[in-house]
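Step one of this worksheet: look at the structure below.
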Amino acid sequence: MRTDVSAEGFTLTDEMREAVYREIMRLSQALIRSVSEVSVRLIAGPNSSSGATDGKCQVSVRFDDGQTVVGTHTESDVNRSVSVAFMNVLCRPTRPCGEERGRPDLRSAH
C-alpha cells in the first residue's frame, strides 16, 4: 500500500506522523477490500468565525478496484480531526455491505 502524508500551514511533527500512520494501519485492518493508496492532507488555517486556527484532515483511500473514498473533518484539535476523518472513511454510507471486518473504536487512541 502506498501512503502519502503532507501538511500545509504547519510543520508535521514525528508524533503527528506516527498518529496518522496508526490510523492508516487501523483502517487497512478494518476493511476487507485491499487498499492500494492512502493520501492524508493536514491543513492548518484560520477559523473565519473565531479567528483561531483550525486543523483540517482529508483522507483519500484508493482501493485496488479503483474506487476512491474520501473522508474529511475540520476542528480546532488537529489530532481529533485526523481520527474523525478516518472514521468518516470507515462509515461511508455508499460502501457496499460487508465492506468492513468490524468497526474499531478509533476514538480510543486520542
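In the range 1-51, the residue that is surrounded by the fewest Cβ atoms within 10 Å (Cβ to Cβ) out of those that are among the charged types (D, E, K, R) and over 17 Å from Arg62 (Cα atoms) is Asp14.
The single condition from (1) of a type in the set (D, E, K, R); (2) touching a helix residue (DSSP H, G or I) at 6+ places or on another chain (Cβ under 6 Å); (3) at pLDDT below 90 that Arg33 fails is (2). The range 4-85 holds strands (runs of 3 or more DSSP E) entirely within its bounds, and those carrying 2 or more residues that are touching a residue at least 12 places away in the same chain (Cβ under 8 Å) and basic (Lys, Arg) map to 53-63. Out of everything in the range 68-87 that is among the aliphatic types (A, V, I, L, M) and out of contact with any Leu (no Cβ under 6 Å at 6 or more places or on another chain), what residue ends up being surrounded by the fewest Cβ atoms within 10 Å (Cβ to Cβ)? Selected residue: Val70.
The values are calculated or read from the model by the stated rules, or taken from the named source; none is laboratory data. Quick caveat, the model's predicted, so the values are computed rather than measured. Here Cβ is always computed from backbone atoms with ideal geometry, including for glycine, and neighbour counts include all displayed protein chains.
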